[in-house]
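For reference, the structure discussed in these notes is given below.
The values are calculated or read from the model by the stated rules, or taken from the named source; none is laboratory data. Here the structure is a predicted model, which means the values were calculated and not measured. Please note: Cβ atoms are built from the backbone with ideal geometry, for glycine as well, and neighbour counts cover all protein chains shown.
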Amino acid sequence: MEENVFYATGKRKTAIARVRMLPGEGNLKINNRTLNDYFERETSKMIIRQPLVLTETSGKYDIYVNVKGGGTNSQAGAIKHGISKALLEVNADFRRILKKAGFLTRDSRVKERKKYGQRKARAKFQFSKR
């Protein structure tokens, strides 16, 4: 039974998702809550299901996710990345499909830090000659 469990980690901004995937009926638990209880927006739910729909493995695996950090959109992206990496462990032939869709690439965009002497990262304080 232990050999049928697949683990992966997905990241997006500051969100980190630890994914555990095992053969089952297609249950999806995020922090011990169902997908519909955890995410309210349909777009977030769709983002999470994308790798499963693309590889046609929707009802074949039970997925248990531990996710922390970031906002809801960032967490959904991290879960998608983690599920995609776990699917690679299931079947290496999925690599071509997932890579073409861009699900295996970690989105490295993060918020730029605020600089001193400025209002925000790039916005300056209002300038007045007098």
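Structure notes:
Listed here are the residues, each with its yes/no results for (1) surrounded by fewer than 21 Cβ atoms within 10 Å (Cβ to Cβ); (2) farther than 15 Å from ALA101 by Cβ; (3) without any contact (Cβ under 8 Å) to a residue 60 or more places away in the chain.
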{"residue": "GLU3", "(1), (2), (3)": "yes, yes, yes"}
{"residue": "LYS11", "(1), (2), (3)": "yes, yes, no"}
{"residue": "VAL19", "(1), (2), (3)": "no, yes, no"}
{"residue": "ARG33", "(1), (2), (3)": "yes, yes, yes"}
{"residue": "GLY69", "(1), (2), (3)": "yes, yes, yes"}
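- Sole residue being closer than 20 Å to MET21 by Cβ, modelled with pLDDT under 95 and of a type outside the set (Ser, Thr, Tyr), chosen from ARG130, ARG106: ARG106
- Residue that is nearest to SER84 (Cα to Cα) [pool: residues in the range 98-130 that are in a loop (DSSP other than H, G, I, E, B) and touching a residue at least 24 places away in the same chain (Cβ under 8 Å)]: PHE103
- Residue count for the range 84-130, restricted to those that are touching an Asp or Glu at 6+ places or on another chain (Cβ under 6 Å) and surrounded by 13 or more Cβ atoms within 10 Å (Cβ to Cβ): 0
- Failed item, numbered, when SER58 is tested on (1) among the small types (Gly, Ala, Ser); (2) exposed (fewer than 14 other Cβ atoms within 10 Å of the Cβ); (3) more than 21 Å from GLU3 (Cα to Cα): (3)
- Strands (runs of 3 or more DSSP E) (entirely within the range 4-64) containing at least 3 residues that are farther than 12 Å from ILE83 by Cβ: 15-23
- Qualifying residue in the range 68-82 (condition: part of a loop (DSSP other than H, G, I, E, B), at pLDDT below 95, touching a Leu at 6+ places or on another chain (Cβ under 9 Å) and of a type outside the set (A, V, I, L, M, F, W, C)): no
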